[in-house]
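Okay, structure first, notes after.
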Amino acid sequence: MIEELRNEIRRFVREDPGNGFADGSGPYFAEPLVGIAAAADPLFRDYKTIIGPFYLLPQELLASAASVICWVLPIVQPTRASNRLQSQGPSREWALTRSHGEAFNGALRRHLVAWLEGRGGEAAAPQFSPLWREFAETPVGIASNWSERHTAYVAGLGTFSLNDGFITEKGMAHRCGSVITDLSLPPSPRPYPNHLDNCLYHRNGSCGACIGRCPVQALSYSGHDKERCRAFVYGAAPQALAETYGVAQTGCGLCQTRVPCEAAIPLSGRTLPV
Ligand code: SF4
Ligand code: SF4
């Protein structure tokens with residue numbers, strides 16, 4: 001079943017016309033990574049302490065939850081390359097991926113729920129749950145009651161980083177998603193020694209390349225100023241570029257491109273991805 005599921009996610013990403021720039025220049029996303037988290041994994045309960053008591057367990061979103069299916073959609077090389085050239089705001093390709101590519105990610109969530117239900121199961125996409133909420137003031141700053149990246153961590157897909165990104169074997173430039181199912185699937189291993197190991201700064205004190213990429217000084221060796229970042233990503237950047245690019249959301253992603261963790265887990269030094 002797990003292979004059938006993985007193949008269906010890959011097939012949808014490969015074949016659905018929603019995964020493609022309107023001008024026919026290519027897809028938003030390359031082949032996805034897929035991981036499975038056990039709904040009963042104690043980490044989900046730990047998030048109620050680490051993130052806040054408002055954080056939802058899989059079982060609070062789907063009473064019959066047994067597993068959480070997670071995926072990472074790597075952003076294609078030409079889009080990453082276009083954003084590497086930027087210094088004050090995202091490229092057009094990046095903004096289209098943030099806006100229309102994320103709409104495709106939503107279609108993947110809906111497709112997977114329908115696919116699982118079509119096999120007689122129960123499924124739910126937390127992102128579309130009426131319970132999904134965002135909280136402005138929490139001990140960890142702005143936070144939602146379900147995080148796709150925190151779920152992907154439970155599913156062994158990567159680790160967090162200095163800039164609050166999520167570094168996978170395909171790097172940090174991606175979108176991710178999850179669907180809860182009543183299917184009992186074998187959970188994926190978490191192969192990393194700790195929750196920050198894929199980030200060079202946290203691993204050995206080197207790097208910090210993302211700090212210099214931020215146009216609004218939201219990054220430092222102390223970490224990520226979420227509010228300053230958010231003011232740019234949801235304020236200044238779309239105000240300046242959304243109309244020009246013809247999108248509602250532009251994203252930013254400057255700290256996810258032209259950095260060693262852009263498209264791989266960095267092994268050493270400040271090498272740029274090819
Ligand atoms: S650029 Fe370097 S310091 Fe920043 S998140 Fe990536 S690996 Fe970590
Ligand atoms: S997403 Fe943009 S604004 Fe936010 S930290 Fe990264 S570079 Fe800075």
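Where a number appears in this text, it was derived from the coordinates with a stated rule and is not lab data. This structure is a prediction, so every number in the text was calculated from the model and none was measured. Virtual Cβ from ideal backbone geometry, glycine too; neighbours counted across all protein chains shown.
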* **GNM top mover of Val259, Val247, Val72 - the chain, alpha-carbon springs below 10 Å** => Val247
* Asked: Normalised by the residues of the chain, what does the relative contact order come to in percent, with Cα pairs under 8 Å and at least six apart?
  -> 23
* Structure fact -> Listed residues Gln217, Gln77, Gln86; largest mean-square fluctuation, Gaussian network over the chain with Cα springs below 10 Å, found at Gln217
* Asked: Which shape class applies to the stretch 160-250: rounded if a/c is under 1.5, otherwise prolate when a/b exceeds b/c and oblate if not, where a ≥ b ≥ c are the square roots of the Cα gyration tensor eigenvalues?
  -> oblate
* Structure fact -> Rg/Rh over Cα atoms for the chain, Kirkwood Rh, comes to 0.94
* Asked: Which of Val34, Val154, Val233 moves most in a GNM of the chain, Cα contacts under 10 Å?
  -> Val233
* Any idea what log10 I(q)/I(0) is at q = 0.17 Å⁻¹ for the stretch 52-127, Debye with uniform C-alpha scatterers and no solvent? -> -0.79
* Where no second cysteine Cβ lies under 4.7 Å, the cysteines concerned in the chain -> Cys70, Cys176, Cys199, Cys207, Cys214, Cys229, Cys252, Cys261
* So for the stretch 123-274, what percent of the C-alpha to C-alpha distances run longer than 23 Å? -> 44
* Let me know the shape class of the stretch 1-136, please: from the alpha-carbon gyration tensor, a ≥ b ≥ c as square roots of the eigenvalues, rounded when a/c is under 1.5, otherwise prolate if a/b is greater than b/c, or oblate. => oblate
